[in-house]
Amino acid sequence: MAKTRLRRGFKTEAEGYALDFRNELGLRDNAPLCPRRLAEHLEIPLVPLSSYRQEIPGAISILSGEEISAFSAVTVFIRSRRIIAFNDFHHPNRQASDISHELAHAILGHPPTPPLSEAGCRNFDLVLEEEANWLGQTLLIPRPAAIRVARLGLSLTDAANEYKVSEPLMRMRLHVTGAYLVVSRMQARRGGMALPARRP
Amino acid sequence: MPKGAFDGAAFYAALDAERQSRKLTWKQVAREAGISASTLTRMAQGKRPDVDSLAALVNWSGLRADDFVSRTEGAPEGPDICTAISALLRADAQLSPRAAQAIEQVIRATYNAFKDTPNNGEDTAPEGIQN
């Protein structure tokens, strides 16, 4: 399958959102951002799957057990209003990523679609999903945060724990932002023969 | 909708139409209007903007705020059943029938939990649902 290209300027826009929301929440540009706190700021309700245990026990048993990998999160629309239901049986760092992804859809104003076709298969808009993927991950680890991780020489594990994300996500963001290269160049400008930033 | 109330949903829809006609993203709208991005996201959630943001959006869009003030007592807005099953779903692309059925139940439960909650900036989730 061909890789979906993001529209021109989208990545810059995503970085702008990540910094704008940190600013609104009184956080530094490179600080961790709790997606639950962002959801509260945007007044988007979050509903954990476990809260439906009594109402739909069979469905919860399936989605917390044998089919846990089938469901991450869903945004339900009531006219333009969104409510995010998420699978809180996943690891907390996975939940953060899932919530951030759904918040990204909301921030970008992506329209709703019928979630399942008549055959029970997912309706999947590649462009919308790719935009939400990128923005969701950027919200959690914007470029200043990746550069901070590289500058401090944090291990991948420590960095992922501090920012409450998975190690693969942290690794990916360090890579796509070129954080280590940026830090190496900064150090070279300052000190001539400085050591390159330590990669974990 | 009560008489004299500002119809935020209609205003947001009109803004969206204007945005699309100008081929802009919501971020560009926020920047051009001089308001925060989160204001627009909250407006989509049914929250009314503050006076300064409303003025900025009216100025940007050319819309008249007065056009969105209801003159008569309107009929209560009923839930849109079709909207209930409109959602953005982040899930495995290949869903088993059991998983698909379970997820539909989650969507309907979420819809039913929130369809009657007020949409005027003072939401309270139904008992048993965390917000």
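Number of residues in the range B:60-76 that are at pLDDT 90 or above, assigned to a loop (DSSP other than H, G, I, E, B) and surrounded by 14 or more Cβ atoms within 10 Å (Cβ to Cβ): the value is 1.
The condition (being of a type outside the set (Phe, Trp, Tyr), more than 7 Å from every other protein chain (Cβ to nearest Cβ) and without any contact (Cβ under 8 Å) to a residue 12 or more places away in the chain) is satisfied by just one residue among A:Gly65, A:Gly109: A:Gly65.
Test B:Leu57 against the stated conditions and say whether it is buried (at least 18 other Cβ atoms within 10 Å of the Cβ) and facing chain A (nearest Cβ under 9 Å).
Values: buried (at least 18 other Cβ atoms within 10 Å of the Cβ): yes; facing chain A (nearest Cβ under 9 Å): no.
Here the answer is no, as B:Leu57 does not meet what is asked.
Of the numbered criteria (1) facing chain A (nearest Cβ under 7 Å); (2) at pLDDT 90 or above; (3) in contact with a Gly (Cβ under 8 Å, 6 or more places away or on another chain), the one B:Pro97 fails is (2).
The values are calculated or read from the model by the stated rules, or taken from the named source; none is laboratory data. Just so it is clear, the model here is predicted, and its values are computed rather than measured. Ideal geometry is used to build each Cβ from the backbone, glycine not excepted, and the neighbour counts take in all protein chains shown.
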